[in-house]
Amino acid sequence: MVKRMETILQTTDLKTYFPIQRGINPFSKTKKFIRAVDGVNMTLWKGTTLAVVGESGCGKTTLARTIALLTKPTSGDVIFDGKSVVKETTDPRAIYKNLQMVFQDPDSSLDPNVRVGDSIGEPLYGLMNWSKESVDAAIQRSLEVVGLSREIAERLPGQLSGGQKQRVAIARAIGPQPKLIILDEPTSALDASVQAQILKLLLELQQEYSLSYMLITHNIAVAEYMSDFMMVMYSGDVVESGQTDELMAKPRHPYTIALISSAPVANPWKRNLLEVDIRGEVPSAINPPSGCKFHPRCPYAEPICSRDRPQLREISPGRLVACHFVEKTA
Amino acid sequence: MAALMSVQGLSVSYQSRGGTATALDGVSLDINENELVSVVGESGCGKSTLALALIGLLPTPPARVLNGAIEFKGTNLLQLGQTRLREYRGTQIAMIFQEPLSSLNPVYKIGDQIAEAIMIKRMRDDGRSTIDSEFMQKTHKVTAPGASRLPRARRKLSAQLKEDTIASLKLVRIPDPDQVIDRYPFELSGGMRQRVMIAMALSQEPALLIADEPTTALDVTTQAQVLKLMKELMNKVKTSVLLITHDLAVACQVADRVAVMYAGDMVETSSVYDLFSKPLHPYTQGLIACTPTGSKRRVDLKPIPGSVLDLRTRTIGCKFVSRCPYAMAHCSEKKPSLIAVENNHWVACYLHGEANGDHTANN
């Protein structure tokens, strides 16, 4: 890439563990953890989209929530816009001016008893301390930008369709004019025809406001369509990351290969699904397999894979893979 | 060749306080033997209602079958009483649902639940309507008293029945089936549970398997395994499958024929290859154009403007007219009927077939 790029978001060895109680003895010494995010290093470049893909339970949502300060990290650091949000932040509102989030289910992220205009206006009062006039103007502008009519501001979320609700959630996120929006499965609850509308809207907004997106999704096709960079997670670990076109064209980690070939393609002449060869299922995050967490399902596994956890290695510029035998997939 | 199942002009409505919602508005569909037909549509298009109607599980009320016929091997299922219907439901026509955890009984072991299905199958083959002690004696060498009561008998799985149960789990490729039979549903993963459901359904050797969003709750790698399994078993045990899905990509991966539904109407049915090479209905075209194919990055997705209309609104014309780029004046005056434009390619649109609208097949 010719243009010098700046980072907007970086994490270093970020870990988020959730303690779980086993049995009923509250004084039990043996504490177990769900290792939801298990040492993630990632970089998001300004003005680009990073898609985090993986199956349920791989830690992608926890990663997003940790970055957005909704969950406290166990260790590691998040550097957003040059500042550590874990160590330096006393008031998270300073962060939320520049970092907003859109959640999967607009039914639970919009207050059912608050008119949508007020929902969109709330962060503008709370974060930006704007006057009433400028907030009102901003509500109208936000609604217009996401393609909704002005009257919608007076309605309750229950009176809107799923796609309209997600547009409202996006309008609320862009209101404070953030630098980064974390999109957590923004279209998973929507129908195909509405999903396309929302994805297109998100791309247009990114162009117009030079936004950076961190897109959490389980849908490879959506990730490929939206992103510049992609990061594949498996059971709390990043197994592969790189530029989207390169990664999709030539996945190198055995899990990425399985994931991409399992994604159904809308093309009856290319029935990849019936040729997939993958066994087993996603492991438990409480007792993950030793070494490489993918080794029980991996076609290339050797004894070392169950012993040593592979580190992310740069195999070509910008392309990182965590596999002991990455040359086998070359 | 006569179709295995033939749905003709089926209309179903739901009564609610807000009005009457027409979930199915004169739907016709044929399913041939050993064929995988996929019904595709967005939420609220009536695809699940169709599945429930076919197997006689519609909640009535609020649902009401207004008219139409469901012919299965020449018998109209809608005219059968509940007792006669049970000869078909679960045996000749089996069904698997989206969420296997709510279809499996949480307090019985997996093995016992499958064994029950196998036992019922044997009972029916034996020409009986209940499992009595005589039957138990004959098939499982279990002696009365109490053997006639199902739960008691389930606990004493005979060696043969246990073997058959394990065999049916092996068929759906569950690892360590001899251990899985002693587990409870909550101890299995989502993919395993769905395999158990498939094993139970196929133990009846059904002529038709209805699968309502069977992989929607599963991860993609698991989904691939389950769909592949379904497709293989279908050819092995010679059954037809009706796959209900919202995911066009899933349909085109496994289906022989695809039926597209929109707001209670069947708008297009054709072979999966014809549907993708020359989709005729504007809605099908829109659906294909707005599905990210993954073949090229940032290919221009063309969203369908607007959203699905409320099923409670009464319409006399085509239901897609408000979102259709080719809408004409008479589109909102009279509903187009599903007509064959080519060999086995049916479409309900005035853009195709001049005769459309001049005659109506189903009133």
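Work through the residues other than residue B:342 whose Cβ is under 12 Å from its Cβ and net out their charges, Lys, Arg +1 and Asp, Glu -1. Let's see the in-between values first.
On the way: positive: B:278; negative: B:268, B:274.
Cβ neighbours under 12 Å give a net charge of -1.
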In degrees from 0 to 90, rounded to the nearest 10, what is the angle of the helix A:132-145 Cα long axis to the longest principal axis of chain A?
-> 60 degrees
Label-point separation, residue B:184 to residue B:33 (7 Å along Cα→Cβ), nm = 4.4 nm
Amide H within-cut-off set for residue A:33, under 5 Å, with H built and near neighbours excluded | A:20
Give the residues of the stretch B:312-347 whose amide nitrogen is closer than 19 Å to a point set 7 Å from the Cα of residue B:300 in the direction of its Cβ.
-> B:324-326
In degrees, nearest ten, helix A:192-209 long axis to first principal axis of chain A (Cα) = 80 degrees
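Looking at the stretch A:150-248, which trypsin sites (Lys or Arg not before Pro) are DSSP coil and have at most 10 other C-beta atoms within 10 Å of their C-beta?
Values: sites: A:150, A:155, A:165, A:167, A:172, A:179, A:200; in loops: A:155, A:179.
The qualifying sites: there are none.
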When the Karplus curve 6.51 cos²θ - 1.76 cosθ + 1.60 is applied with θ = phi - 60°, which whole-Hz ³J(HN,Hα) does each residue of the stretch B:340-350 get, with x for Gly and Pro?
-> 7, 9, 9, 4, 6, 10, 10, 8, 10, 7, 6
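Summing Lys, Arg as +1 and Asp, Glu as -1, what charge do residues with Cβ under 11 Å from the Cβ of residue B:51 carry, residue B:51 excluded?
Numbers: positive: B:47; negative: B:212, B:213.
Charge balance in the 11 Å sphere: -1.
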What's the angle, to the nearest 10 degrees (0 to 90), between helix A:162-174's Cα axis and the longest principal axis of chain A?
-> 80 degrees
Cβ-Cβ cut-off under 11 Å around residue B:227, Lys and Arg +1, Asp and Glu -1: the net charge is +1
In the stretch B:1-83, how does Rg compare with the Kirkwood Rh, expressed as the Rg/Rh ratio over alpha carbon atoms?
-> 0.98
Distance between modelled label sites at residue B:86 and residue A:328, nm, 7 Å Cα→Cβ extension = 5.4 nm
In whole Å, what is the distance between the alpha-carbon centres of the stretch B:221-255 and the stretch A:29-79?
-> 34 Å
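Which semi-axes, in whole Å and largest first, does the equivalent ellipsoid of chain A have when worked out from the alpha carbon gyration tensor as the square roots of 5 times its eigenvalues?
Numbers: eigenvalues 249, 113, 78 Å².
Ellipsoid semi-axes (Å, largest first): 35, 24, 20.
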List the residues whose amide H sits under 5 Å from the amide H of residue B:339, counting only those 5 or more places along or on another chain, with H placed 1.01 Å from N in the peptide plane.
-> B:347, B:348, B:349
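Which value at 222 nm does chain A reach when only helices count, each DSSP H run of 4 or more adding -39,500 (n - 2.57), with the total divided by all residues and rounded to the nearest 500 deg cm²/dmol? Mind dumping the intermediate values first?
Values: 11 runs with 100 residues, N = 330.
Helix contribution divided over all residues of chain A: -8500 deg cm²/dmol.
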Would you list which aspartates and glutamates come within 16 Å of residue A:250, measuring only between C-alpha atoms, while excluding same-chain residues fewer than 8 positions from it?
-> A:224, A:228, A:240, A:314, A:327
Pop out the ³J(HN,Hα) list for the stretch B:98-105 in order, Karplus 6.51 cos²θ - 1.76 cosθ + 1.60 with θ = phi - 60°, rounded to Hz; leave Gly and Pro as x.
-> 5, 10, x, 5, 8, 9, 8, 7
Between rounded, prolate and oblate, where does chain B land on the alpha carbon gyration tensor, with a ≥ b ≥ c its root eigenvalues, rounded for a/c under 1.5, else prolate if a/b exceeds b/c?
-> prolate
Amide hydrogen neighbours beyond the local backbone of residue A:323, cut-off 5 Å, H modeled = A:313
Sort A:270, B:121 so the one with the fewest other Cβ atoms within 10 Å of its own Cβ comes first.
-> A:270, B:121
Just tell me how shielded A:278-288 is by partners: mean number of partner chain Cβ atoms within 10 Å of each residue's Cβ, no decimals.
-> 3
Reduced to Cα centres, the span from the stretch A:112-130 to the stretch B:169-199 in Å works out to 49 Å
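Is the stretch A:207-316 rounded, prolate or oblate when judged by the Cα gyration tensor, a ≥ b ≥ c being the square roots of its eigenvalues, rounded requiring a/c under 1.5 and prolate requiring a/b larger than b/c?
Working: a/c = 1.97, a/b = 1.33, b/c = 1.48.
Since a/c reaches 1.5 but b/c is at least a/b, the shape of the stretch A:207-316 is classed as oblate.
Quick one: longest stretch of chain A between exposed loop GluC sites (Glu not before Pro), exposed meaning at most 15 other C-beta atoms within 10 Å and loop per DSSP?
Numbers: sites that count: A:6, A:88.
Result for the longest clean stretch: A:89-330.
No lab work stands behind these numbers, since they all come straight from the coordinates. Just so it is clear, the model here is predicted, and its values are computed rather than measured. Because the Cβ atoms are built from the backbone with ideal geometry, glycine has one as well, and the counts that use them run over all protein chains shown.
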